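Report on the following structure.
The values are calculated or read from the model by the stated rules, or taken from the named source; none is laboratory data. None of the values given here were measured: they were computed from a predicted structure. Methodologically, a virtual Cβ is constructed for each residue, glycine included, from the backbone with ideal geometry; neighbour enumeration extends over all protein chains shown.
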Amino acid sequence: MPQYRDISVNVCTRGPAGTQTLEEYGVAIDESRRTVTCWISSEERKEFVITAFNQSYTQAVRCLTRIDGRSMDHALWRPREFGSIEGAYLSENTLVPFVFARIQVTDEENMLNGPPDMEALGTISFAVLRCTVAVEGLNYAQKEDEFDLHDIGPIHERAKKLGGHCVSLGDETQAAPALTALTHDLDNEDSPYCVFVFRYRPRDLLKAQRIIPHYRQTATAGPSQSVKAVSRNGSGHGLKGAKRVHESNTSTFHDLSSNSELLDLS
């Protein structure tokens, strides 16, 4: 589970068998930008959630989630609180889950420019801002166009993203009632407290690029052989429930708590 300062975040897939934490690879910290980056493997048609833990004993934080460059959800974590973002809210008690999907390609020339933020395709970004909470328990009220809930459309086949994944939105489902809270930021959005960036790709592509280490078999002096495993970065544990939020910059949040190839890898 990548950690920076007193915040730790991971991504977990969810299915009939339960929640599984995705292994992180190539975890790197850029101190100058207060940013943690890593790679995770994605699987087509798999739902996922973003989980986090605010380890501070005194400081609340709000978190801005962007997926493939699209603003998807904001969340509030109080001191010593676990939380999860399970999808994008459509109303006070309905949401659509995040789902890994195959990128669709086209040869239409008018699609050469691709999505508005092509560089962000294949990323889950989680920016953390310290804040104070002024008022809690307000009724849910999402602003029009506050989030971009459109699926990624086809991109041109020359965009060097063949075989890759994007994130789509699943079927609408019932969720814990959403509330809002009035907050005041202590950090600016353009200079957050810290940022986590998960770069996701199909597992086979990560193996081909040796981002996922290979298990190497080496001969020993005797007739038997030993297998040397290359250690992998990061681990974590699934988190459930806790608190979730939507925000409107310096003020409003909604609290979602019910209980307290050719692939460009750059």
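Answer yes or no as to whether Ala176 is small (Gly, Ala, Ser), in a strand (DSSP E or B) and at pLDDT 80 or above. Taking the combined requirement at face value, the residue does not satisfy it.
Contact map, the stretch 47-69: residues that are of a type in the set (Ser, Thr, Tyr) paired with residues that are crowded, with 21+ Cβ neighbours inside 10 Å and in a loop (DSSP other than H, G, I, E, B), Cβ distance under 7 Å, separation 6+ or inter-chain. Pairs shown: Thr51/Leu239.
Listed here are the residues, each with its yes/no results for (1) aliphatic (A, V, I, L, M); (2) at pLDDT below 65; (3) not in a strand (DSSP E or B).
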| position | (1), (2), (3) |
| --- | --- |
| Phe126 | no, no, no |
| Val135 | yes, no, no |
| Glu146 | no, yes, yes |
| Gly153 | no, yes, yes |
| Cys166 | no, no, no |
| Thr183 | no, no, no |
| Ser226 | no, yes, no |
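Among the residues of the stretch 1-38, the one identified as within 14 Å of Ala52 (Cα to Cα), out of contact with any strand residue (DSSP E or B) (no Cβ under 6 Å at 6 or more places or on another chain) and of a type outside the set (S, T, N, Q) is Asp6.
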